[in-house]
Amino acid sequence: MGNRRISRDLKLCAIQLYERGLLDLNNILECVGFSERTFYRVLEFWRETGDVVPHHYGLCGRTRLLMHDDIEYLVHLVRHRPDYFLDELTSLMQDNRFIAVHLSTICRELTRQGISLKKLRRIARERSPQK
């Protein structure tokens, strides 16, 4: 039998039947349809943690370089002067916040904050003197 996901309920049922002695192991395995090795792995996990499936808490992936205050600073800079280039923002972050970040990180964080090139052009147009 290949790899397949076994539901939490099915694993719990198999463990309960086994621990209460309602069925012998062969009958349980025949009913639930997974191998003896899988059963013992689930049983071991049950006895160690009290659950039959691992729970993954927290965020997945790499931690972010910029904290909330750093992002607010970036947004403030861009709203104050929308004609900054990314390399200028990078050097300002390095000098004023002591954080070395790549251009793509700044671009990505500004995008996450809903600041796009189109919005920057609109802000710059609103601030420029009317012709």
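The values are calculated or read from the model by the stated rules, or taken from the named source; none is laboratory data. For clarity, every value in this text was computed on a predicted model and none was experimentally measured. Note that we place each Cβ from the backbone using ideal geometry, even for glycine, and neighbour counts take in every protein chain shown.
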Residue pairs within 7 Å by beta carbon, gap of at least six or interchain, first lying in segment 4-27 and of a type outside the set (A, V, I, L, M, F, W, C), second not in a helix (DSSP H, G or I), listed first then second, are 8/52; 8/53; 11/52
On the given criteria, is residue 83 surrounded by 10 or more Cβ atoms within 10 Å (Cβ to Cβ), modelled with pLDDT under 90 and either farther than 30 Å from residue 111 by Cα or out of contact with any Phe, Trp or Tyr (no Cβ under 7 Å at 6 or more places or on another chain) (or both)?
-> yes
Screening 51, 24, 95, 69 for residues that are closer than 30 Å to residue 115 by Cβ, of a type in the set (D, E, K, R) and either more than 26 Å from the chain's Cα centre (by Cα) or surrounded by 11 or more Cβ atoms within 10 Å (Cβ to Cβ) (or both) leaves only 95
Filter result for residue 77 (without any contact (Cβ under 8 Å) to a residue 40 or more places away in the chain, surrounded by 14 or more Cβ atoms within 10 Å (Cβ to Cβ) and under 30 Å from residue 115 (Cβ atoms))
yes
Taking segment 66-87 and keeping residues assigned to a helix (DSSP H, G or I) and charged (D, E, K, R) leaves 69, 70, 72, 79, 87
For segment 107-122, the count of residues that are under 13 Å from residue 86 (Cα atoms), part of a helix (DSSP H, G or I) and either among the β-branched types (Val, Ile, Thr) or at pLDDT below 85 (or both) equals 3
Checking 38, 90 in turn, the sole residue that is of a type in the set (S, T, N, Q), part of a helix (DSSP H, G or I), crowded, with 16+ Cβ neighbours inside 10 Å and in the same structural domain as residue 102 (by TED's automatic domain parsing) turns out to be 90
